Every structure is written in C-alpha cells, then in structure tokens.
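Data block below; observations after.
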Amino acid sequence: MLKLPEALTELKMSRAAFYRMRARGLGPRIVKLPNGQLRIRRADLDTWLVDHEEAPAA
C-alpha cells in the first residue's frame, strides 16, 4: 500500500489537486487507516490509471 505522498509523486499531482479530484468523486480508491492516514493500494492505483487513459488518436 502506498502512502499518499508516494502516490502523489507517482501521479505528479499536488495534495490540493488530489483532494479536489476526490471531492468530485474522480480519484482512486483509498483506504483510511484507524490513525486517519490514507493509503492507496497499488492494484487500485494501477486500475484507476488504466481506466483513465486516453484512447490513442486514430
């Protein structure tokens, strides 16, 4: 499971942009730990990235 900063680095996205995206219901699935920290499963991030790829131009 990735820590939020690790996922943000991979996505090249700011924390604020990530939270805006999540507020619109567009972000990857997250896991909230009992201590309040967020984690993103590697498989969930990979699936989300594949689902949001643009189709190649014809």
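Data table
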item: Any hit, the range 13-23, residues being within 12 Å of the chain's Cα centre (by Cα), open to solvent by 80 Å² or more (accessible area, probe 1.4 Å) and hydroxyl-bearing (Ser, Thr, Tyr); result: yes
item: Counted residues, the range 24-48 - those being more than 10 Å from the chain's Cα centre (by Cα), among the hydrophobic types (A, V, I, L, M, F, W, C) and not in a loop (DSSP other than H, G, I, E, B); result: 3
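Yes/no matrix, rows are residues, columns are (1) in contact with a Ser or Thr (Cβ under 9 Å, 6 or more places away or on another chain); (2) of a type in the set (A, V, I, L, M); (3) at pLDDT below 95; (4) open to solvent by less than 100 Å² (accessible area, probe 1.4 Å):
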| site | (1), (2), (3), (4) |
| --- | --- |
| Pro34 | no, no, no, no |
| Gln37 | no, no, yes, yes |
| Ile40 | no, yes, no, yes |
| Val50 | no, yes, yes, yes |
| Pro56 | no, no, yes, no |
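The values are calculated or read from the model by the stated rules, or taken from the named source; none is laboratory data. Keep in mind that this is a model prediction, so the values were computed, not measured. All Cβ positions, even for glycine, are placed from backbone atoms using ideal geometry, and neighbour counts span all protein chains on display. Heads up: the accessible areas ignore ligands, DNA and RNA and are worked out on the full protein's heavy atoms, side chains in. Shrake-Rupley method; radii C 1.70, N 1.55, O 1.52, S 1.80 Å.
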